1. With contacts defined as alpha carbon pairs under 8 Å and 6 or more residues apart, what's the relative contact order of the chain in percent?
2. Would you mind calculating the gained length between Ala27 and Phe4 on full extension (0.36 nm times residue separation, minus the Cα-Cα distance), in nm to one decimal?
3. Can you show me the helix-derived [θ] at 222 nm for the chain, built from DSSP H runs with n ≥ 4 at -39,500 (n - 2.57) apiece and divided by the number of residues, rounded to the nearest 500.
Amino acid sequence: MRAFSIVLAFVAAAGLGFGWWGLETVAGRRLFDEMAGMIPLFAGAASAVVLVAAGILYYLSGR
């Protein structure tokens, strides 16, 4: 369970990186313009939720 939460945290960090890249860089804004910009926005938000869940899971697996 602890290993799963670590892997989940890495996946969430990658999703947060994708969200940041899609919203904050020139190349990301060029690829995800107008309505397509919702993809990195929601990916980043969902990754933040998954990262919190991974932290809770890690904490609970240590108890």
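1. For the chain, the relative contact order is 48 percent.
2. Numbers: separation 23, 0.36 × 23 = 8.28 nm, distance 3.24 nm.
Gain on extension, Ala27 to Phe4, equals 5.0 nm.
3. Working: 3 runs with 54 residues, N = 63.
After summing the helix terms and dividing by residue count, I get -29000 deg cm²/dmol.
Just so you know, all these numbers are worked out from the coordinates, no wet-lab data involved. Please read all numbers here as calculations on a predicted model, not as lab measurements.
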